[in-house]
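Below: the structure, in structure tokens.
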Amino acid sequence: MSDTAAPPGPAVEPEPAIPAGPAKYTLHVASFTDAARADEERKILEKNGFSVRIVEVPIRGEQWLRVFAGAYATMEEADRARLEILGLKGHGYARIVEMDRTDR
């Protein structure tokens, strides 16, 4: 019998959370007029396990890109994710919104 432990396997990244039921909420985390900045935000959030959606909306005659993270069945799930995003370096804003209000 050998006392040598098997080498550790490759690191496995956690899967993004799947909502417990139909998604009702998402998190509005940023808005930009610059597509490159919106894409950078998307990459940061995806790297941290969040699904991301970017929605283009007209605001006062300008096209804005709103960045949304996650899809949650309950307000409690959304709030846990909101707190997680606020804990990421450089993130000081994350607001829970209803999914059907993301195009406004």
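Every number in this text was worked out from the coordinates using simple rules, so none of it is lab data. The structure presented is a predicted model; accordingly, all values stated were derived computationally and were not measured. Using ideal geometry, Cβ is built from the backbone for each residue, glycine included, and neighbour counts are taken over all protein chains shown.
In sequence order, region 39-53 has phi-based couplings of 5, 5, 4, 4, 4, 4, 5, 5, 4, 9, x, 9, 7, 10, 10 Hz under the Karplus curve 6.51 cos²θ - 1.76 cosθ + 1.60, θ = phi - 60°, and Gly or Pro positions carry x. Label sites at L88 and S51, each approximated as a point 7 angstrom past Cα along Cα to Cβ, lie 1.6 nm apart. Listed values for region 83-97 are Karplus-derived 3J(HN,Hα) couplings in whole Hz (6.51 cos²θ - 1.76 cosθ + 1.60, θ = phi - 60°), namely 5, 5, 5, 5, x, 6, 4, x, 10, x, 9, 7, 10, 6, 9, and x replaces Gly and Pro. Karplus-derived 3J(HN,Hα) values for region 58-71, using 6.51 cos²θ - 1.76 cosθ + 1.60 with θ = phi - 60°, are x, 9, 6, x, 10, 8, 10, 10, 8, 9, 10, 10, x, 8 Hz; glycine and proline are entered as x.
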